[in-house]
Amino acid sequence: MIIRYALGLAAMILALGATAEPTAEQRTAIEDRIKPIGEVCLQGDSECGGAAVAASSGPRSGEDVYNSACMACHGTGAGGAPVLGDVAAWADRIAKGNDALYASGINGVPGTGMIAKGGCMNCSDEEINAAVDYMVAGSQ
C-alpha cells in the first residue's frame, strides 16, 4: 500500500515538472495555431489596421441591380410581382408613367410584396430607377 502511494506521489511530481513554461519559440508556434482566421472591422473603427476601401466603381447599371435585387421576385412572379417580359402584366403599370413606377420601386407598394427598394437598401434611388427602366424596356 505504501508503495502505491509512493508511486502516485512520484507520478504527480513528474507531471508537475512537465508543465514548465514554454519557450518563446513554442509560445509563438502556439499563438500562430490558435490565432483567428480573420477580423471584423466596423466602419469608423480606427483599431482595425487601416481604413476601409470602398469597392464601388460608380452606380450599378439597371441590369446589375435587377440581377442582384429584383430578379428573385420579378423573374419568378413571387409575391405577385410582374415578371420581366410579361407585356400584359406590365401594361397597366407602364401606363401610369415612369414617375409612378420610380416611386413604387423606391418606396414600395403598400399591401403587396413590393418592399422599399425591393430590399436593396444599399442601392441609390438612381440605381433603383435604372432597374425600373431596365424592367420597363424588357416588358413593352
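The values are calculated or read from the model by the stated rules, or taken from the named source; none is laboratory data. Computed from a predicted structure; not experimentally measured. So basically every Cβ, Gly included, is an ideal-geometry build from the backbone, and we count neighbours across all protein chains shown. Surface areas here come from the heavy atoms of the whole protein model, side chains and all, with no ligands, DNA or RNA. Shrake-Rupley method; radii C 1.70, N 1.55, O 1.52, S 1.80 Å.
Among the conditions (1) buried (at least 17 other Cβ atoms within 10 Å of the Cβ); (2) not in a loop (DSSP other than H, G, I, E, B), SER68 misses just one, which is (1).
Inspect all residues belonging to segment 84-91 and state whether any of them is surrounded by 14 or more Cβ atoms within 10 Å (Cβ to Cβ) and within 27 Å of the chain's Cα centre (by Cα). Taking every residue of segment 84-91 in turn, at least one turns out to be surrounded by 14 or more Cβ atoms within 10 Å (Cβ to Cβ) and within 27 Å of the chain's Cα centre (by Cα).
Filter segment 105-116 for residues that are open to solvent by 40 Å² or more (accessible area, probe 1.4 Å) and of a type outside the set (Val, Ile, Thr); which is nearest to CYS70 (Cα to Cα)?
MET114
Within segment 92-102, not a single residue is closer than 30 Å to CYS41 by Cα and either of a type in the set (A, V, I, L, M, F, W, C) or part of a helix (DSSP H, G or I) (or both). The residues of segment 71-83 that are over 24 Å from the mean Cα position of the chain (by Cα) and outside any loop (DSSP other than H, G, I, E, B) amount to a single one, GLY80.
Kindly indicate whether any position in segment 126-140 is modelled with pLDDT of 90 or more, surrounded by fewer than 16 Cβ atoms within 10 Å (Cβ to Cβ), assigned to a loop (DSSP other than H, G, I, E, B) and under 22 Å from the mean Cα position of the chain (by Cα). Scanning segment 126-140 turns up no residue that is modelled with pLDDT of 90 or more, surrounded by fewer than 16 Cβ atoms within 10 Å (Cβ to Cβ), assigned to a loop (DSSP other than H, G, I, E, B) and under 22 Å from the mean Cα position of the chain (by Cα). Quick one: is MET114 assigned to a helix (DSSP H, G or I), free of Cβ contacts under 8 Å to residues at least 60 places away in the same chain and either within 20 Å of ALA137 (Cα to Cα) or not aromatic (Phe, Trp, Tyr) (or both)? Judged against the criteria, MET114 is not a match.
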